[in-house]
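Undergrad: Pasting in a structure now, in structure tokens, and then I'll have a few things to ask.
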Amino acid sequence: MQHTPFPQASRRSFLKSAAVATVATATGPLILNASDKAEAKFPRVGHGEHTYEVHHDWGMDSLPAGHHYGNASHGVTIDKEGLIYITHQGNPGSVFVFDEKGKFVRSFGEIHQVKKGKAPQTSSAGHGIDIREEDGREFLYLSPSDTRLFFTKMTTAGEVVWTKDRKALDEDSGKLGEKARFRPTNASFRPDGGYYLGDGYGSNWIFEYNNKDEFVRAIGGAGKTDGKFATPHGQWLDARDGTPKLVVADRANKRLQWFDMEGRHLKTLGGFLFPADIDIQGDIMLVPDLHCRVTLLDKRNQVIAHLGDDEEWRKQALDKFKMRGQRPKWRPGKFVHPHDACFDRNGDIFVCEWVATGRVSKLVKVG
């Protein structure tokens, strides 16, 4: 199938320009200075034109009975109608869909559920989720975080188009073999209709396919030198300077790396803590960082703001990662573990966090 080019308006969005029970106790602290009607009800992060109101637990109170994020809310993408898709580790399915106001619409993605440990029930392994319009129709590219599962392309209604598991990727690339790990993290798109599949928790390879679903090359592999990866957790297409490039969140190496469309390394940028993924809208790059902050970069890749950054809070949150399971201790306007983020068409930001019970925060632009 021929794919239409993917524009740079917004990551995971093809646009024109347990859990529920604990929400009641969590939402109270979100209201700051409630007795003063002149004060905003929600904490703010950022500065100047990049100031945002933080609405924690967005959409959670609309989840139907029996629906929960489980051990994490992992990925987020937005379709051209404005529907928000969240991947998770709960039930049912592995994807929850909300409208722009946070009302639950549907769930699907049971194909990415597995049995974990000795528990009789299954839970989801939802992780990366990305969306693209191809020949006038939108498709989701899902990357479940489980070695037993597979990259999956499906419709926005949950119909499977194809799957690529460890065996298929090894047959195509010869990179996985018997000893290499395999555990998908994210997909991304090329401007010519091709795409990339990232084995970020596994082999540290990113697999490139063309617009006919034919294998082209593998990029990276494990290592610390330029062009190598230690958990290439997410990636995206960066064409802000007019020349398309693949940019990779090389998480455990604490850096971003850029590659040309032939897979050659171009440059490396440090200064990150644990970058998890990437989105781009206009000239602004968005980088959710698992270590408690969300970073905005300008066209020259200079830091505009570290949203929610607080060194003392980070020390608490990173202490054996216990904070991710201690919801009563979470602070308004502070992130615990941002795992994915993307812009919507209004310039607002959705942030999904790797925390028990899950948490989706909407950052409403007020600057």
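The values are calculated or read from the model by the stated rules, or taken from the named source; none is laboratory data. Since the model is a prediction, treat every value here as computed from it, not as a measurement. When we count neighbours, we look across all protein chains shown, and the Cβ atoms used for this are built from the backbone with ideal geometry, even at glycine. For accessibility, only protein heavy atoms count, side chains too; no ligands or nucleic acids. Shrake-Rupley method; radii C 1.70, N 1.55, O 1.52, S 1.80 Å.
Undergrad: Which of the residues spanning the range 263-306 are in a strand (DSSP E or B) and among the polar types (S, T, N, Q)?
TA: Thr268, Gln281, Thr295
Undergrad: Going through the range 162-179 one residue at a time, which ones are in contact with a Leu (Cβ under 7 Å, 6 or more places away or on another chain) and aliphatic (A, V, I, L, M)?
TA: Leu169, Leu176
Undergrad: Quick check: anything in the range 328-348 surrounded by fewer than 16 Cβ atoms within 10 Å (Cβ to Cβ) and over 30 Å from His68 (Cβ atoms)?
TA: So far as the range 328-348 goes, no, none of its residues is surrounded by fewer than 16 Cβ atoms within 10 Å (Cβ to Cβ) and over 30 Å from His68 (Cβ atoms).
Undergrad: Give me the residue from the range 76-93 that is in contact with a Phe, Trp or Tyr (Cβ under 8 Å, 6 or more places away or on another chain) and among the small types (Gly, Ala, Ser) and, out of that set, surrounded by the fewest Cβ atoms within 10 Å (Cβ to Cβ).
TA: Gly93
Undergrad: Taking into account only those residues within the range 230-261 that are more than 21 Å from Thr77 (Cβ to Cβ), out of contact with any helix residue (DSSP H, G or I) (no Cβ under 7 Å at 6 or more places or on another chain) and not charged (D, E, K, R), which is surrounded by the fewest Cβ atoms within 10 Å (Cβ to Cβ)?
TA: Among them, the one singled out is Gly242.
Undergrad: Could you list, in sequence order, the residues of the range 116-131 that are assigned to a strand (DSSP E or B) and farther than 15 Å from Asp146 by Cβ? Full working, then the answer.
TA: From the range 116-131, those assigned to a strand (DSSP E or B) are 122-124, 128-131; that's our starting set.
Within the range 116-131, Asp130, Ile131 qualify.
Undergrad: Among the residues of the range 123-156, which ones are out of contact with any Pro (no Cβ under 7 Å at 6 or more places or on another chain) and of a type in the set (A, V, I, L, M)?
TA: Within the range 123-156, Ile129, Ile131, Leu140, Leu142, Leu149, Met154 meet the criteria.
Undergrad: Within the range 52-75, take every residue that is assigned to a strand (DSSP E or B) and among the hydroxyl-bearing types (Ser, Thr, Tyr) and give me the one that is nearest to Leu286 (Cα to Cα).
TA: Going through the qualifying residues, I end up with Tyr52.
Undergrad: Considering only residues of the range 99-129 that are of a type outside the set (A, V, I, L, M) and exposed (fewer than 13 other Cβ atoms within 10 Å of the Cβ), which is nearest to Ile86 (Cα to Cα)?
TA: So the residue we want is Lys103.
Undergrad: Still on this structure, I have one more. Among the residues of the range 166-185, write down those that are over 14 Å from Ala218 (Cβ atoms) and not in a loop (DSSP other than H, G, I, E, B).
TA: Lys167
Undergrad: Of the residues in the range 286-300, how many are touching a strand residue (DSSP E or B) at 6+ places or on another chain (Cβ under 7 Å) and open to solvent by less than 20 Å² (accessible area, probe 1.4 Å)?
TA: First, the residues of the range 286-300 that are touching a strand residue (DSSP E or B) at 6+ places or on another chain (Cβ under 7 Å): 286-290, 293-298.
From what's left, open to solvent by less than 20 Å² (accessible area, probe 1.4 Å): 286-290, 293-297.
The total comes to 10.
Undergrad: Which of the following residues is modelled with pLDDT of 95 or more, among the hydroxyl-bearing types (Ser, Thr, Tyr) and over 15 Å from the mean Cα position of the chain (by Cα): Thr225, Thr231, Thr295?
TA: Answer to the check: Thr225.
Undergrad: To continue, here is another question. Select from the range 148-179 the residues that are over 19 Å from the mean Cα position of the chain (by Cα) and of a type in the set (Ser, Thr, Tyr) and write down the one among them that is nearest to Asn204 (Cα to Cα).
TA: Ser173
Undergrad: Taking the options Val54, Val105, Val23, Val95, name whichever one is among the aliphatic types (A, V, I, L, M), within 22 Å of Pro332 (Cβ to Cβ) and at pLDDT 95 or above.
TA: Result: Val54 is the single residue among Val54, Val105, Val23, Val95 that is among the aliphatic types (A, V, I, L, M), within 22 Å of Pro332 (Cβ to Cβ) and at pLDDT 95 or above.
Undergrad: Within the range 132-140, can one find any residue that is part of a loop (DSSP other than H, G, I, E, B) and either under 21 Å from the mean Cα position of the chain (by Cα) or crowded, with 20+ Cβ neighbours inside 10 Å (or both)?
TA: No - not one qualifying residue is present in the range 132-140.
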